[in-house]
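The values are calculated or read from the model by the stated rules, or taken from the named source; none is laboratory data. Note that this is a predicted model, so its numbers are computed, not measured. A quick note on method: Cβ atoms are made from the backbone with ideal geometry, for glycine too, and the neighbour counts reach across all protein chains shown. Only protein heavy atoms, including side chains, enter the accessible area calculation; ligands, DNA and RNA are left aside. Shrake-Rupley method; radii C 1.70, N 1.55, O 1.52, S 1.80 Å.
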Amino acid sequence: MANSIARCAQVCFAILLAASCAGVARPQTTTAAPIQMPVQVKVVVVTMFERGEDTGDAPGEYQLWVEREHLDQILPLPAGYHHVRMNKDGVLGMLTGVGTAKAAASVMAVGLDPRFDFSKAYWIVAGIGGGDPADVSLGTAVWADRVIDGDLAFEIDGREIPADWPTGYVPLRQATPYETPGPNDPEEVVYALNPDLVGWALRLTKDISLADSDEMRMARARFTGFPNAQKPPFVTRGDAMSGSTFWHGARMDEWANAWTRYYTHGAGNFKVAAMEDTGTMQSLRLLGQAGRIDLKRVLVLRTVSNFDRQPPGVSAAASLKDLASGNYSAYMPSLEAAETVGDKVVRDIIEHWSERESAVPH
């Protein structure tokens, strides 16, 4: 039996040796490609809409950043609304899509992408919005102290509002508008930005000369009784209202101011409205909890393309009709302001990265 096994082994070995000498292919060992470290991102610029292509046509919020920051490297983002772009300085630009839902999904997709290291990155939301003529002028740039959610609420139809109610919009878990005591958990609705960073951004940009035009001067001249609205555009700070409903009118402006005061216990001042920022801030807050980003390094900049209410002597419906057709009297100047003011901060961070990486400016 032992001899039979030995002979069998010898035969098998001879067959394998013959096959080898005849050139029969043997399995090849492969070396796995080295795992690249994530790309360190220094600044993320978050924009919300684009009118066509990223470059070369009529611009939305993204195009001026792409062209002027030379965001030439295109990186696919299958889980997001739009591909992202980077430049050689470590600036990443993204387009979220319109509305809080798209913004939240896209920012989360970017923030969780293992290709990028955001641990020291600064995030700058840069877009346009509707301004309160009591506080700002057309083309004004507003650094947000807080982003207030204007969507989370109860609401009844305007034709059924009780005579003693100022609005049909009621805070969640309350039975009447602005019921006291105020909210126990304002963070559900309020996203506060790092006040030191906001103050630093304002000081860095407050003397920038912003674009003005004859059309803007004519439009703001109609707002008699609103001295801030009649000024040339300027840089300021204040609170931003975010909601996916594009509201308009004097009554809605009153609501936005009251809503902001209510949820900030009187400390806030509503200055500008836009759509997506609560979606963006919610994702960034969760990404911060996961250790993916530093929430103290987030800024929101909104520039005023139009006023959020009608001028004296005009109905809200007539004023909205102009806006619905895209007739924003400060559309291009507000896009310019968002990029010009925002890029002043971006360039400072890049040029002083050895300091900004280790310590948040204040």
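What the table below lists for this structure:
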| item | result |
| --- | --- |
| Per residue value of the accessible surface for the chain (all protein chains in place, 1.4 Å probe), Å² | 49 |
| Computed lengthening from A58 to V360, 0.36 nm per intervening residue step minus Cα-Cα distance | 105.2 nm |
| Pairwise FRET efficiency - A258 versus D185, Cβ, R0 = 25 Å, nearest 0.05 | 0.85 |
| Folded to 0 to 90 degrees: helix 100-111 orientation relative to the chain principal axis, Cα | 40 |
| Length-normalised contact order for the chain - Cα pairs under 8 Å, 6+ apart - percent | 24 |
| Peptide ranges 156-164, 288-296, 326-334 listed from the most packed, as the mean C-beta count within 10 angstrom indicates | 326-334, 288-296, 156-164 |
| Debye equation applied to the C-alpha atoms of the chain, log10 I(q)/I(0) at 0.07, 0.11, 0.12 Å⁻¹ | -0.36, -0.75, -0.88 |
| Per-residue SASA entry for H248, accessible area with 1.4 Å probe, Å² rounded to 10 | 30 |
| Gyration tensor (alpha-carbon) shape descriptor, the range 108-265, a/c threshold 1.5 | oblate |
| List I208, I124, ordered by accessible area with a 1.4 Å probe, largest first | I208, I124 |
| Principal-axis tilt of helix 331-351 within the chain, Cα atoms, nearest 10 degrees | 50 |
| Degrees between helix 250-263 axis and first principal axis of the chain (Cα, 0 to 90, nearest 10) | 60 |
| Local electrostatic count, V142, Cβ distance below 11 Å [Lys/Arg +1, Asp/Glu -1] | -1 |
| Solvent-accessible ranking of V314, V46, largest area first, probe 1.4 Å | V314, V46 |
| Rg followed by Dmax, in Å, when the range 272-358 is reduced to its Cα trace | 17.8, 55 |
| Sulfur and carbon atoms: percent of accessible area, the chain [1.4 Å] | 55 |
| Stretch gain in nm, segment D207-S315, where the contour uses 0.36 nm per residue and the Cα spacing is subtracted | 35.3 nm |
| Within a Gaussian network of the chain (alpha carbon springs, distance under 10 Å), most fluctuating of W165, W200, W259 | W165 |
| Listed residues S283, S119 arranged by accessible area, highest first, probe 1.4 Å | S119, S283 |
| GNM top mover of G99, G279, G52 - the chain, alpha-carbon springs below 10 Å | G52 |
| Among beta bridges that DSSP assigns inside the chain, antiparallel share in %, nearest 5 | 30 |
| Members of K271/K296; K42/K102; K321/K344 lying beyond 32 Å, as alpha-carbon distances in this model show | K321/K344 |
| Relative contact order for the range 132-290, counting Cα pairs under 8 Å that sit 6 or more residues apart, in percent | 36 |
